[in-house]
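Remarks on the structure that follows.
Read-outs: derived from the displayed coordinates by stated rules, not from any lab. Quick caveat: nothing in here was measured; it's all calculated off a predicted structure. Cβ atoms come from the backbone with ideal geometry, glycine included; neighbour counts cover every protein chain shown.
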Amino acid sequence: MLSKEEIEKGLHTQWAGRNMICLESTDSTNVQVKHLAQRGAAHGTVVVAESQSAGRGRLGRKWESPAGSNLYFSLLLRENIVPQKASMLTLVMGLALQEAIEQVCGIETKIKWPNDIVLDGRKIAGILTEMYFKEDNSAYVIIGTGVNVKAQDFVPQLENKAAFLENTCKEPVSREALLAKILECFEGKVALFIKTMDFSLLRQSYNEVLVNCGREVRVLDPAGEYTGTAQGINEEGELLVRRPDGTVEKVYAGEVSVRGVYGYV
Ligand code: ADP
């Protein structure tokens, strides 16, 4: 079982995870944080669970969340929320995950814009950001994250799609240490984000670890699919994609998925 005490021992943050709830099983950590938020939970509240019966991805997709060996947690943000900029918080968490995985496990992962962390073309972590409005029109944001740590009886259809930290790391990964480091990295990066309320200060480091950079991508836009070459993100966190005729599209994360031309990445 995940140990709350262990997580807190390694936690060097001011607010992220300072109110931490560990559950053995739950429907979805995002749903649990939402309940807590409605009852006034503090900025930075985290719910972490051993398993989720209804873990979710974007666009109504499912996040497989078997018990015992992975990390599933959600973080509540209620300060400095600008609704038009909230989707960029997914990118901030992506950067935090990438950095924390490198520091704790020594593994260099990449970010697949906008919300996945990948290793050799397979998904090792995913992020789902949701925003809700209160009656006074103020907003709060919940960032849910799932990290695959140890392969076990995993769903066969994900066999070629999912990657696991311990397959590469070869040593046991402390989920407690990893969670504490992710929260620490997030706190540092979100402070830089808030300074400008955009990606001016984070864009360069983001583009350095962006797997899509320079690659042919297929943009699955509900208004029409197209292909082009991904060029990195701009200061608004949009993915710049150069079409064959030279025009550059700004892809906004909302409803759009990006794939490689020959596969997932
Ligand atoms: P997309 O990659 O299209 O943006 P999402 O970010 O919404 O998709 O994530 C959901 C998808 O991720 C699922 O449809 C499934 O293919 C895949 N998936 C679900 N659970 C896991 C997991 N634990 N590890 C890796 N991939 C997963």
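Miscellaneous remarks
- Share, in percent, of DSSP beta bridges within the chain that are antiparallel, nearest 5: 85 percent
- Put in order of Cβ neighbour count within 10 Å, fewest first, the listed residues S3, S174 become S3, S174.
- Burial order of peptide ranges 33-43, 227-237 (average beta-carbon count within 10 Å, highest first): 227-237, 33-43
- For the residue pairs K4/K150; K34/K62; K34/K189; K62/K134, the C-alpha atoms sit more than 25 angstrom apart in K62/K134.
- Helix screen, the chain: DSSP H segments with Cα axial length of 30 Å or more and mean Kyte-Doolittle hydropathy at least -0.5 are 175-196.
- Ranking of T196, T168 by count of other Cβ atoms within 10 Å, fewest first: T196, T168
- Under the convention that each Lys and Arg Cβ holds +1 and each Asp and Glu Cβ holds -1, the size of the dipole of the range 203-247 around its Cα centre is about 160 debye.
- Highest to lowest packing among 201-207, 246-252, scored as the average C-beta count within 10 Å: 201-207, 246-252
- Protection-proxy order for peptides 175-184, 74-83, each taking the mean of Cβ atoms within 10 Å per residue, highest first: 175-184, 74-83
- Its Cα gyration tensor gives the range 62-144 an equivalent ellipsoid. The semi-axes, each the square root of 5 times an eigenvalue, are 26, 14, 11 Å from largest down.
- Positive-end residue of L23, A86, S69, charge dipole of the chain with Cβ unit charges: A86
- Taking only the Cα atoms of the range 168-265, the ratio Rg/Rh comes out at 1.06, with Rh defined as the Kirkwood radius.
- Inverse mean reciprocal Cα-Cα distance (Kirkwood Rh) of the range 198-254, Å: 11.6 Å
- Proxy reagent accessibility, fewest Cβ within 10 Å first, across W63, W15: W15, W63
- In the chain, one over the average inverse separation of all distinct C-alpha pairs is 18.6 Å, which is the Kirkwood hydrodynamic radius.
- Just so you know, the Rg over Rh for the range 1-155 is 0.94, from Cα atoms, with Rh as the Kirkwood radius.
- Taking Lys and Arg as +1 and Asp and Glu as -1, the other residues whose beta-carbon sits under 13 Å from that of Q231 total +2.
- Choice from Q52, Q84, Q32 showing the highest fluctuation, given a GNM over the chain with Cα pairs closer than 10 Å: Q84
- Here the chain is assigned +1 on the Cβ of each Lys and Arg and -1 on the Cβ of each Asp and Glu. Its dipole about the Cα centre then comes out at about 220 debye.
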